[in-house]
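Novice: So that we are looking at the same thing, I have put the structure below in structure tokens.
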Amino acid sequence: MKKKLRLKPFVFPTIYMILVLVLLGVVYYNGLISSNYEDSEDNELRYVTKLDLLDPVPVVNDEEIMVRPYNSEEVTIGKNYYDAQSPVEDQEKAIIYYEGTYIQNSGVDYVSANSFDVVSCLDGTVISANKSELMGYVVEVKYNNDIIISYQSLSEVNVQVNDVVSKGQKIGVSGTSSIGSELGNHLHLEMYHNGVTVNPEVYYNTNIRNI
């Protein structure tokens, strides 16, 4: 007769404890991995956030600075813009005499002993380029904020209608004209804002978007 195998009483509790420990170990291990992953993910998010803060943020440029219509240091003002609000002596210096008639100067005349390049005061579009019997070659450029500048008394023109010009780009060369012939070589410049002439000397080196 065979003898039955009998397990000792402590075997089952021991096996049970081992299984519990294994199960707890698996749960702890999975929890550790999950925690590390979340920490890694959080760290990555924080890292990206820092980079975003360090990256330059694009800003829309709201400035449009007007420059003078020439680069030569030899150029000076030969005749000023006529301003009804200025002192009488200044008004007298802004009067043009032509064929027995006194005319208020609607622009500014820039003179030089030598011819000089005439450049665009701003970024704009050429709306007119022709020759006048009284004013020589004339170029008109339309700019933002309802501004039009007329470059007159030119001896030559380097642009044509519908050309898009950049600030500082050469558009012609100074010359002479019948009106203001006593000035010799010069540029007569007229600036219009909303169809009304204004003194360009007031607007150089300023943001024309504010006018």
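The values are calculated or read from the model by the stated rules, or taken from the named source; none is laboratory data. Only a predicted model underlies this, so the values are computations on that prediction, with no experimental measurement involved. Quick reminder, even Gly has a Cβ in these numbers, built from the backbone with ideal geometry, and neighbours come from all protein chains shown.
Novice: Quick one: in the range 152-189, which of the residues that are among the charged types (D, E, K, R) and in contact (Cβ under 8 Å) with a residue 40 or more places away in the chain is farthest from Thr206 (Cα to Cα)? Lay out the reasoning, then the answer.
Specialist: Going residue by residue through the range 152-189, those that are among the charged types (D, E, K, R) are 156, 163, 167, 170, 182.
Still in the list and also in contact (Cβ under 8 Å) with a residue 40 or more places away in the chain: 167, 170.
Working: Lys167: 14, Lys170: 21 Å.
Filtering first and then ranking leaves Lys170.
Novice: Is it fair to say Ser178 is more than 18 Å from Met66 (Cβ to Cβ) and not β-branched (Val, Ile, Thr)? Reasoning before the result, please.
Specialist: Values: more than 18 Å from Met66 (Cβ to Cβ): yes; not β-branched (Val, Ile, Thr): yes.
Criteria met by Ser178.
Novice: Please tell me if Ser174 is assigned to a strand (DSSP E or B), of a type in the set (S, T, N, Q) and either at pLDDT 95 or above or in contact with an Asp or Glu (Cβ under 8 Å, 6 or more places away or on another chain) (or both).
Specialist: Numbers: assigned to a strand (DSSP E or B): yes; of a type in the set (S, T, N, Q): yes; either at pLDDT 95 or above or in contact with an Asp or Glu (Cβ under 8 Å, 6 or more places away or on another chain) (or both): yes.
The answer is yes for Ser174.
Novice: Follow-up question, since we're still on this one. Every residue in the range 93-108 that is surrounded by 11 or more Cβ atoms within 10 Å (Cβ to Cβ) and without any contact (Cβ under 8 Å) to a residue 12 or more places away in the chain, please.
Specialist: Taking the range 93-108 and keeping what is surrounded by 11 or more Cβ atoms within 10 Å (Cβ to Cβ), we get 93-98, 103-108.
Within the range 93-108, just Tyr97 meets the criteria.
Novice: Now a separate question. For the range 80-155, which fully contained strands (runs of 3 or more DSSP E) count at least 3 residues that are within 22 Å of Ile211 (Cβ to Cβ) and touching a strand residue (DSSP E or B) at 6+ places or on another chain (Cβ under 9 Å)?
Specialist: 124-132, 136-143
Novice: Check the range 134-142 and report whether any residue there is within 22 Å of the chain's Cα centre (by Cα), in contact (Cβ under 8 Å) with a residue 24 or more places away in the chain and surrounded by 15 or more Cβ atoms within 10 Å (Cβ to Cβ). Don't jump to the end; show me each part of the working.
Specialist: Going through the range 134-142, the residues within 22 Å of the chain's Cα centre (by Cα) turn out to be 140-142.
The next check asks that each one be in contact (Cβ under 8 Å) with a residue 24 or more places away in the chain; those that pass are 141.
Narrowing the set further to residues that are surrounded by 15 or more Cβ atoms within 10 Å (Cβ to Cβ) leaves 141.
Yes, the range 134-142 contains a residue that is within 22 Å of the chain's Cα centre (by Cα), in contact (Cβ under 8 Å) with a residue 24 or more places away in the chain and surrounded by 15 or more Cβ atoms within 10 Å (Cβ to Cβ).
Novice: In the range 178-194, which residues are assigned to a loop (DSSP other than H, G, I, E, B) and modelled with pLDDT of 95 or more? Show your work before the answer.
Specialist: Going through the range 178-194, the residues assigned to a loop (DSSP other than H, G, I, E, B) turn out to be 178-180, 184-185, 194.
Matches in the range 178-194: Gly184, Asn185, Asn194.
Novice: May I ask you to verify whether Ser72 is at pLDDT 95 or above and either in a strand (DSSP E or B) or at positive phi (or both)? Before the answer, list the steps.
Specialist: Numbers: at pLDDT 95 or above: yes; either in a strand (DSSP E or B) or at positive phi (or both): no.
Considered against the rule, which asks whether it is at pLDDT 95 or above and either in a strand (DSSP E or B) or at positive phi (or both), Ser72 comes out as no.
Novice: Taking only the range 190-211 into account, find how many residues are among the hydrophobic types (A, V, I, L, M, F, W, C) and either touching a strand residue (DSSP E or B) at 6+ places or on another chain (Cβ under 8 Å) or in contact (Cβ under 8 Å) with a residue 40 or more places away in the chain (or both).
Specialist: So the first thing to find is which residues in the range 190-211 are among the hydrophobic types (A, V, I, L, M, F, W, C), and the list is 191, 196, 198, 202, 208, 211.
Then drop every residue that is not either touching a strand residue (DSSP E or B) at 6+ places or on another chain (Cβ under 8 Å) or in contact (Cβ under 8 Å) with a residue 40 or more places away in the chain (or both), which leaves 191, 198, 208, 211.
Number satisfying all stated conditions: 4.
Novice: Here's a follow-up. Could you grab me the full set of residues in the range 156-166 that are under 19 Å from the mean Cα position of the chain (by Cα) and assigned to a strand (DSSP E or B)?
Specialist: Once the filter is applied, which keeps residues that are under 19 Å from the mean Cα position of the chain (by Cα) and assigned to a strand (DSSP E or B), the range 156-166 yields Val164, Val165.
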